[in-house]
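Here's the structure, in structure tokens; my notes come after.
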Amino acid sequence: MDEITSSFGAQRNLLPETSSNSYQSPSFAPATAATAAAEPNKTAPYGWILNPTIDILFSCGGLFWILFAAFVLTGSQINLYGSPPAFCLAAISVIGAHLLGDAHQPATLWRVYFSKSTREKLGVPVTILLVVAIGLGIWTYAVPAATAFFLKLTLAWGFQHQLAQSYGMTLVYCYKRKYYMTKIEKNIMFFLVQATTVFLIVRMFSLKDFGTYSLFNKAYDLPYWGLLPEWTSTVSQVVVQVALLMFVAMVVRKYIKQKQLFPLPGLLTISTLTVMPFLAQNSFIMVWMFISQWFFHSSQYLVITTAFYFKERGLPEGVPMCEIAKMLKTKAFAKYYLSIFVFGFLCAFTLPHWLSEHGAVSAGTAFAAVYVAMNLHHFITDAFIWRLRDPAVQKLLVA
């Protein structure tokens with residue numbers, strides 16, 4: 001995964017800059033022709049992270065688009081107390097929130113504390129950051145004026161975090177298929193991601209329909225903060241459209257000049273969060289909060305962290321990388337997933353319920369405090385662990 005960013009900062013590439021014709025990395029440099037002929041399965045990265053079906057559905061946005069299509073075609077809201085289609089969509093969202101959403105943040109902590117190399121490099125700073133995040137959560141919990149502020153900050157940062165992850169995943173798919181972009185080409189794709197991020201944040205603070213949120217099963221109504229004039233939303237939208245045209249032109253030009261077609265998994269991944277805001281229109285908040293977060297972002301993160309977990313442990317003898325998905329049927333995966341799921345469920349659901357029942361604040365404020373603490377810690381820690389310029393990490397991501 002490419003750098004998942006730091007504190008609203010710009011990302012740059014995890015893997016070395018390359019030209020379209022000269023890719024070299026100590027970890028997975030191209031093999032000689034003789035070696036390639038003798039060991040065809042060992043000389044090139046496996047083109048998928050787990051396998052085609054899992055990747056398309058859970059990493060590239062396939063499952064998200066299926067649910068989005070159901071949402072559009074039924075014309076239903078996502079509501080447990082609505083029509084049968086609305087209930088089904090809401091029930092699916094709740095299931096996704098727990099099975100995927102609750103598990104995806106602890107997957108980062110597993111990487112930090114159970115990976116020896118990561119723990120040695122980042123265990124102490126991540127622990128210090130955890131103490132700071134808990135402090136911010138307590139501030140959110142105890143000071144009503146701080147609750148809305150930190151929620152706004154977390155939601156805005158969440159746009160950047162999710163789009164940055166998609167950018168990194170797209171690069172992984174490109175490298176896996178030897179689709180090597182020049183610095184200019186990568187900057188064009190990066191510009192598209194950044195422009196979309198800015199557009200979503202600007203729109204949140206300039207248009208009331210996109211800046212009013214009902215969170216935590218309607219337990220907390222986040223007020224609208226009109227910090228920007230409405231015209232800024234229009235300008236930022238035009239910039240996104242220009243960036244999208246530049247990206248399309250880059251993809252077409254590369255195909256015409258070099259006969260290289262942008263990898264389909266990467267194209268699906270990068271386009272999901274850059275196209276969806278325009279297709280969802282006024283339903284964007286509902287689609288983002290109840291579908292996209294679980295069935296694109298969280299599921300995508302679990303795919304890459306699960307593959308990393310398997311690769312770091314080492315696949316059993318005789319299991320080639322193209323069969324890595326078979327590890328999902330093992331006791332090792334069951335232990336891994338249950339560990340991160342249970343921990344995530346206890347933190348994200350049980351803890352705020354307990355706080356609301358035994359504290360002096362509403363359920364909405366209790367959920368807000370835990371949400372802020374968990375997400376801010378996750379955002380920054382994620383930036384640390386995926387920006388390591390370690391050849392071993394690079395190889396595990398792409399191999």
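What about Ser298, is it closer than 19 Å to Leu397 by Cα, in contact with a helix residue (DSSP H, G or I) (Cβ under 8 Å, 6 or more places away or on another chain) and at pLDDT 95 or above?
yes
Of everything in the stretch 193-217 that's in contact with an Asp or Glu (Cβ under 7 Å, 6 or more places away or on another chain) and not aliphatic (A, V, I, L, M), which residue is modelled with the highest pLDDT?
Of everything passing the filter in the stretch 193-217, Ser206 is modelled with the highest pLDDT.
Any idea which residue in the stretch 99-131 is surrounded by the fewest Cβ atoms within 10 Å (Cβ to Cβ), counting only those that are closer than 30 Å to Trp225 by Cβ and in contact (Cβ under 8 Å) with a residue 60 or more places away in the chain?
Among residues in the stretch 99-131 that are closer than 30 Å to Trp225 by Cβ and in contact (Cβ under 8 Å) with a residue 60 or more places away in the chain, the one surrounded by the fewest Cβ atoms within 10 Å (Cβ to Cβ) is Leu130.
Kindly provide the set of residues from the stretch 98-132 that are within 15 Å of Ala348 (Cβ to Cβ) and among the polar types (S, T, N, Q), ordered by number.
Gln105, Thr108
Here's the yes/no breakdown for (1) under 15 Å from the mean Cα position of the chain (by Cα); (2) among the hydroxyl-bearing types (Ser, Thr, Tyr):
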residue	(1), (2)
Met250	no, no
Leu264	no, no
Leu268	yes, no
Ala280	no, no
His297	yes, no
Tyr301	yes, yes
Ile304	yes, no
Lys326	no, no
Phe333	no, no
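Report whether or not Trp231 is surrounded by fewer than 18 Cβ atoms within 10 Å (Cβ to Cβ) and in contact with a Lys or Arg (Cβ under 8 Å, 6 or more places away or on another chain). It would help to see each step written out before you state the result.
On the way: surrounded by fewer than 18 Cβ atoms within 10 Å (Cβ to Cβ): yes; in contact with a Lys or Arg (Cβ under 8 Å, 6 or more places away or on another chain): no.
Against the criterion (surrounded by fewer than 18 Cβ atoms within 10 Å (Cβ to Cβ) and in contact with a Lys or Arg (Cβ under 8 Å, 6 or more places away or on another chain)), Trp231 does not qualify.
Which pairs do you get when a residue that is part of a helix (DSSP H, G or I), found in the stretch 138-153, comes within reach of a residue that is surrounded by fewer than 14 Cβ atoms within 10 Å (Cβ to Cβ) and of a type outside the set (A, V, I, L, M), reach meaning Cβ atoms under 7 angstrom, with the pair 6+ apart or on two chains?
Ala148/Pro223
For the stretch 176-211, what are the residues that are more than 17 Å from Leu273 (Cα to Cα), crowded, with 20+ Cβ neighbours inside 10 Å and hydrophobic (A, V, I, L, M, F, W, C)?
The one that is more than 17 Å from Leu273 (Cα to Cα), crowded, with 20+ Cβ neighbours inside 10 Å and hydrophobic (A, V, I, L, M, F, W, C): Met181.
Checking the structure you have, find out if any residue of the stretch 109-120 is in a helix (DSSP H, G or I), under 13 Å from Ile380 (Cα atoms) and of a type outside the set (A, V, I, L, M, F, W, C).
no
In the set Ser339, Ser283, which member is assigned to a helix (DSSP H, G or I), surrounded by fewer than 20 Cβ atoms within 10 Å (Cβ to Cβ) and modelled with pLDDT under 95?
Being assigned to a helix (DSSP H, G or I), surrounded by fewer than 20 Cβ atoms within 10 Å (Cβ to Cβ) and modelled with pLDDT under 95 holds for just one of Ser339, Ser283, which is Ser283.
Among the listed residues Tyr141, Tyr173, which satisfies the condition of being of a type outside the set (A, V, I, L, M), touching a helix residue (DSSP H, G or I) at 6+ places or on another chain (Cβ under 7 Å), within 30 Å of Phe247 (Cα to Cα) and buried (at least 19 other Cβ atoms within 10 Å of the Cβ)?
Unique residue meeting the criteria: Tyr173.
Please specify each residue of the stretch 44-84 satisfying the condition of being in a loop (DSSP other than H, G, I, E, B) and hydrophobic (A, V, I, L, M, F, W, C).
Across the stretch 44-84, the qualifying residues are Ala44, Trp48, Ile49, Leu50, Cys60, Ile78, Leu80.
So, in the stretch 209-262, of the ones that are among the small types (Gly, Ala, Ser) and part of a loop (DSSP other than H, G, I, E, B), which residue ends up nearest to Phe150 (Cα to Cα)?
For the stretch 209-262, the residue satisfying everything is Gly211.
Scanning the stretch 84-96 for residues that are surrounded by 18 or more Cβ atoms within 10 Å (Cβ to Cβ) and among the hydrophobic types (A, V, I, L, M, F, W, C), which turns out modelled with the lowest pLDDT?
So, considering only residues that are surrounded by 18 or more Cβ atoms within 10 Å (Cβ to Cβ) and among the hydrophobic types (A, V, I, L, M, F, W, C), the one modelled with the lowest pLDDT is Ala86.
Return only the number of the condition from (1) closer than 17 Å to Gln394 by Cα; (2) surrounded by 17 or more Cβ atoms within 10 Å (Cβ to Cβ); (3) touching a residue at least 24 places away in the same chain (Cβ under 8 Å); (4) not polar (S, T, N, Q) that Glu312 does not satisfy.
Condition (2) is where Glu312 drops out.
Among Lys208, Lys259, Lys186, which is free of Cβ contacts under 8 Å to residues at least 40 places away in the same chain, farther than 22 Å from Leu153 by Cβ and of a type in the set (D, E, K, R)?
Matching residue, one of Lys208, Lys259, Lys186: Lys259.
Output the residue which, of all residues in the stretch 55-64 that are hydrophobic (A, V, I, L, M, F, W, C) and crowded, with 20+ Cβ neighbours inside 10 Å, is nearest to Val303 (Cα to Cα). Give the steps one after another, and end with the answer.
Initially, the stretch 55-64 is screened for residues hydrophobic (A, V, I, L, M, F, W, C), giving 56-58, 60, 63-64.
Pick out the ones that are also crowded, with 20+ Cβ neighbours inside 10 Å and you get 58, 60, 63-64.
Numbers: Phe58: 7, Cys60: 10, Leu63: 13, Phe64: 15 Å.
By that ranking, first place goes to Phe58.
The values are calculated or read from the model by the stated rules, or taken from the named source; none is laboratory data. It should be emphasised that the depicted structure is a prediction, and the values quoted were computed from it without experimental measurement. Methodologically, a virtual Cβ is constructed for each residue, glycine included, from the backbone with ideal geometry; neighbour enumeration extends over all protein chains shown.
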